[in-house]
Structures are given as C-alpha cells and as structure tokens.
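Notes to accompany the following structure.
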Amino acid sequence: MKITVLTLFPEIFPGPLGVSLIGKALQKGLYTLQVQDLKSFAIQGRVDAPPCGGGGGMLLSAEVLDAALSPLPQSATWIYPSPRGKAFSQEKAQEWSQKEQLIFLCGRYEGVDARILEKYPFSEVSLGDYVLMGGEGAALAMIEASVRLLPGVVGDPTSLLEDSFAETPAPLLEHPQYASPVCWEERDVPSILLSGNHGAIDQWKRKQACALTRRRRPDLWNRYVAHRLSTLSESED
Ligand code: 6GU
C-alpha cells in the first residue's frame, strides 16, 4: 500500500507512525508514506485565501490545492479528514487496508475551498463530534488504524480478532485483562482465569464483554442484540 499525505506541516509525520510495531512496518516497507508539503505549491507566497461572503478565518486556496492534487492518480482512494464527514470506523479501516493507494488531504484554518471537494473524488471522514485544529491528527489516527491491519504489521494476527470492534457488523467492547502478579494491592485476578478451563474462560470473557458494552455503549449493545436475534431467526429458517 502507498499512502500520500498533503499537509502544511510535514514535520508532524511520521510522528506516532514512526515508533514500535507500526514504525517497523514503515521500516520494513510493508507500506510507503509519502508526505508532500503544501507550502511548496504556494502561489505568490500564499497557500490561503479569505472565504467569500466573510465569516473570518482563511481557506486553503483551490488553485494551490489543485496544483498539489492534479498529478495524483484518480484511481486512488481520496480522503479529506473533516468534522463534517461520515464517521470513521473499524469497518472503514478494514476497507482502506485493502486499497492500493490512500491520499489524505489535511485541512488547516477554516478548511478548503469547496470546489476542490467537487473536482476530486474525496470522501469526507470524521473522527468524531469535536473539532481539531487541522486534519493531521485525524489522518494519523486513520492511517494507524488501517496500516495495523496490513499483513505482517501485528506479529500475532489472532490478537486482531480479539480487538474491540473486530466482529463487525456487531462488535462488543473488549473484556478486561489481567497479568501477574495474581494478587496485587489486595486485588485478585478473577479465579476463573487461573482455572485452565478454556471453555469456561471464553464464556467469562464473552459475559464481561457483554456487560461492559451494555453499560458503556448502549448503541453498540442494541446493535449486537439485534444482530444476534437476526442470525438466530435465520438459523431457524
Ligand atoms: Cl477528521 N478533522 C478535523 N480537523 N477535526 C476533526 C476531525 C477531523 N474529526 C473530528 N474533528
């Protein structure tokens, strides 16, 4: 996979993509990260322009962005991180991890000239209902979520299956985990986990995941229940 990032602040990258397992993935060439500085496409020393109709702030100018974007392949997956976008998800990460090339355009200021989002086949994608200063932090999160699904990035692929959100379309939050020592500050590891009974352990983990999801994320819980019901009625057909 090839990832192209357009940003006014190339020094932000690779940032968290440069360390640990995900950093190894970059070193090993499991994907490539090309970062292009939008400042190098400045026109008469400018990258921004004031929005028509007022409203304050500045926009990344259409002409500057066009100069940066026009050499890039139409066939790539074009992503504009923005709080106006559709919600990013594990499913999106899964989908993007199968693509040949991802292009991220990182907005700053008040955003980009809307005509750029019409001319190029961008999907607007959001991290959540809050506003960041620019698209870079969001792009880093989306890239990390996608790249860790590439073959060879995470050593033990079974750990991917146990992730929260692994079981699309009806994921549960992950059960709590414990390591040695078995007793720490008068808190015991649940004894079932020490029993060696793998059937009972799996059952306990599932029950914990259900309880946590129901309490913390009723939206996910309702989806899970609906999905379980629908697969139950299918098996009766
Ligand atoms: Cl994707 N971009 C920016 N700039 N702010 C955000 C966001 C994205 N998602 C939530 N807030």
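Side notes on the structure shown:
- The range 120-148 and the range 176-191: distance between their alpha carbon centers, rounded to Å: 37 Å
- Nearest-0.05 FRET efficiency for ASP37 and ALA211, computed from C-beta distance (R0 41 Å): 0.25
- Normalised convex hull volume, the range 55-154, alpha-carbon set, Å³ per residue: 103 Å³
- Here LEU193 and GLN74 are evaluated by their C-beta separation; at R0 = 45 Å the FRET efficiency comes out at 0.30.
- Entry note, the chain: the mean residue ellipticity at 222 nm calculated from DSSP H runs of n ≥ 4, each adding -39500 (n - 2.57), is -10500 deg cm²/dmol after division by the residues and rounding to the nearest 500.
- Given the chain, longest segment not containing exposed loop trypsin sites (Lys or Arg not before Pro) (DSSP; at most 16 other Cβ within 10 Å): 149-237
- Dimensionless Rg over Rh [the chain; C-alpha; Kirkwood]: 1.07
- When each of LYS2/LYS119; LYS24/LYS119; LYS24/LYS207; LYS2/LYS92 is checked by Cα-Cα distance, pairs over 28 Å: LYS24/LYS119; LYS24/LYS207
- Loop sites in the range 121-193: GluC sites (Glu not before Pro), DSSP, at most 12 other Cβ within 10 Å: GLU185, GLU186
- Relative contact order %, the range 2-147, counting alpha carbon pairs below 8 Å whose residues are six or more apart: 29 percent
- Computed about the Cα centre, the dipole magnitude for the range 157-236 is approximately 280 debye when only Lys and Arg (+1) and Asp and Glu (-1) carry charge, each at its Cβ.
Any read-out appearing in this document is the output of simple, stated calculations on the displayed coordinates, not a laboratory observation. Predicted model, so just to flag it, every value in this text is computed and none were measured. Using ideal geometry, Cβ is built from the backbone for each residue, glycine included, and neighbour counts are taken over all protein chains shown.
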